[in-house]
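Contents: one structure, followed by commentary.
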Amino acid sequence: MQESQSKVDSPAAEAANERGTSPDFVLENLRRATLMRLASVTSLEELEELRVEALGRKGPIAQIGKEFGKLTPEQKAALGKLLNSVKQELERAFREKKSRLEKEELAERLRREWIDVTLPARGVRPGSLHPVTQLQWEIEDLFTSLGFAVLDGPEVETEEYNFDALNIPPSHPARDMQDTFWLSDGHLLRTHTSPVQVRGMRRLGPPFRMIAPGRVFRNEEVDASHEHTFYQLEGMMVDRNVSVANLIYFMKTLLSEIFHRDVTVRLRPGFFPFVEPGFELDIQCLICGGSGCPVCKHSGWVELLPCGLVHPNVLRLSNIDPDEWSGFAFGLGLTRLVMMRYGIDDIRQLQGGDLRFLNQF
Ligand code: DAH
């Protein structure tokens, strides 16, 4: 191992050399250096490396052992004793260090992987109803208590139900490619829940009362107040002598239920081909009480509920005699109402699926 030093030729150096390569010296050095390095070992891997280096088959102890043959019996005995004692001392030191490291490693692992087995299990987190669903169910409860049936209609509709049977002429702008999603087979995604009126009239026949909540679609440029997909709740009552007074009664009942207080309403004329007369029902602004604020655009009123008396053509187109029967209808913007109720200022939140938003309801 120290052959390179055998070239040194000064007597002093030679003596030093002799000492430097003498097995006693090498062993003592090895013992001390190894014990010192052992003290700073911090992992089992490092420990194993050091062990192989010091005690392994290519290590100094094995090397010295190989040179035994050249020694006299006395030298052999003396060196053998020394060799064994160093070897045993080191092996013991390694064993002790190993068991200490193993203990430390275990303690560290226990600390890292500690779990509190007394904690209650997390379990399945229950979901909650979407605010639109909550309001829809509230309104369904109210209307069923007033004798209304809850009807469902398809989201993919025929042109007849969505437009023609509602007295919407072919020239009506709502049929335009710009705000209707047409399917290639001539069907369309319903642009409102009003087609369910037609289904109700034809299925139930007069007299009847029905509501129809559901999803509707328009080809909108999406922004804070426009969505391509939103919710409406349609209502219709057909009976003898149904008048605007009946309409107002039901609308006021609906609104006080939703807002949990009496609301002041007003009717303005509004045009919809399937009602005559048609109205926009406004409520007095609930934020400012009618004195004017940003929510009502300083008018004191908020437009909420288009409605009217069913147009005789609409009744006729579904085989109901307008001389005998009359009715009212309304189309509540469910999405809009939810936004009003909770003060949500961006419609996109409602379909965004963000749990931080949804968990609030
Ligand atoms: N369907 C209309 C729309 O989506 C809303 C509507 C207006 C429905 C008047 C009605 C009604 O039932 O009477 O714009």
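Derivation of every value follows stated rules applied to the coordinates shown; laboratory data play no part. These figures come from a predicted structure and were not determined experimentally. Cβ sites come from the backbone with ideal geometry, for glycine too, and all protein chains shown count toward neighbours.
What the table below lists for this structure:
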quantity	calculated
Pairwise centroid distance, computed over Cα atoms, of segment 271-297 with segment 156-187, Å	27 Å
Net charge contributed by nearby residues that have their C-beta within less than 12 Å of Gln349 (K/R +1, D/E -1)	-2
Nitroxide proxy distance, nm - points 7 Å out along Cα→Cβ at Ala78 and Glu91	2.5 nm
For His192, His298, order by how many other beta-carbon atoms lie within 10 Å, fewest first	His298, His192
Cysteines having no other Cys beta carbon under 4.7 Å from their own, within the chain	Cys307
Theoretical gain in end-to-end length, Arg122 to Arg356 [0.36 nm per residue, Cα-Cα removed]	82.3 nm
Residue order, fewest to most beta carbons within 10 Å, for Val117, Val156, Val196	Val117, Val156, Val196
Rounded, prolate or oblate (a/c below 1.5 giving rounded, otherwise prolate when a/b exceeds b/c) for segment 130-174 by Cα gyration tensor	prolate
Net charge dipole size for the chain [Lys, Arg +1 and Asp, Glu -1 on Cβ; Debye, nearest 20]	1840 debye
Part-to-part distance (alpha-carbon centres) for segment 307-361 and segment 33-80, which is given in Å	90 Å
Where a label projected 7 Å from the Cα of Asp345 along Cα→Cβ would reach, residues of segment 278-297 with amide N under 11 Å	294-295
Ellipticity estimate at 222 nm from DSSP helix runs (n ≥ 4, -39,500 (n - 2.57)) divided over the chain, nearest 500	-13500 deg cm²/dmol
Fully extended contour minus Cα-Cα distance, from Ala39 to Ile115, at 0.36 nm per residue	24.1 nm
Cα gyration tensor shape of the chain, rounded if a/c is under 1.5, else prolate or oblate by comparing a/b with b/c	prolate
Relative contact order, percent, segment 131-358 [alpha-carbon distance under 8 Å, six or more residues apart]	21 percent
Distance-filtered residues of segment 185-227 - backbone nitrogen under 19 Å, label point 7 angstrom along Met177 Cα→Cβ	185-191, 218-222
Residue exposure sequence - Trp114, Trp325, Trp182 - by fewest surrounding Cβ within 10 Å	Trp114, Trp182, Trp325
Extreme residue, positive dipole direction of the chain, given options Thr118, Gly69, Gln360 (C-beta unit charges)	Gly69
Fully extended contour minus Cα-Cα distance, from Asp152 to Asp24, at 0.36 nm per residue	36.1 nm
Cα shape, segment 160-260, gyration tensor, a/c 1.5 rule	oblate
Label-point separation in nm, Lys66 to Lys103, each point 7 Å along Cα→Cβ	3.9 nm
